[in-house]
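Quick note: the coordinates plus some simple rules give every number you see, no bench work behind them. All of these numbers come straight from a predicted model, not from anything done at the bench. Backbone-built Cβ (ideal geometry, glycine too); neighbour counts: all protein chains shown.
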Amino acid sequence: MKATLKLARVGMTMEEATVVRWAKQPGETFVEGEVLYEIETEKVTQEVEAPGNGSLVEILAPEGAEIAVGDDVCVVESA
């Protein structure tokens, strides 16, 4: 089943973040806990892990994109 992952708030005052790096590319598979992408906020750089097993279908927020909490980041398909 396909699902769209959204940017989650990683700090109480976080409103937006910049996508720094994608660890996976469309078509690649991942397991729960594996790093999908990395974001940078005013205070920290944080790796975002996969919520479950699956594959990356589409990147909606490319590297360098500044996105708000709740914005779509990528589409994944669960295994």
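For this structure, a couple of remarks:
- Only Cα pairs under 8 Å and 6+ residues apart enter the sum, and on that basis the relative contact order of the range 1-74 stands at 41 percent.
- Convex hull of Cα atoms in the chain, direction-averaged projection (nm²): 4.5
- Summary of packing: across the peptides 32-40, 2-10, the per-residue average of other C-beta atoms within 10 Å ranks them, highest first, as 32-40, 2-10.
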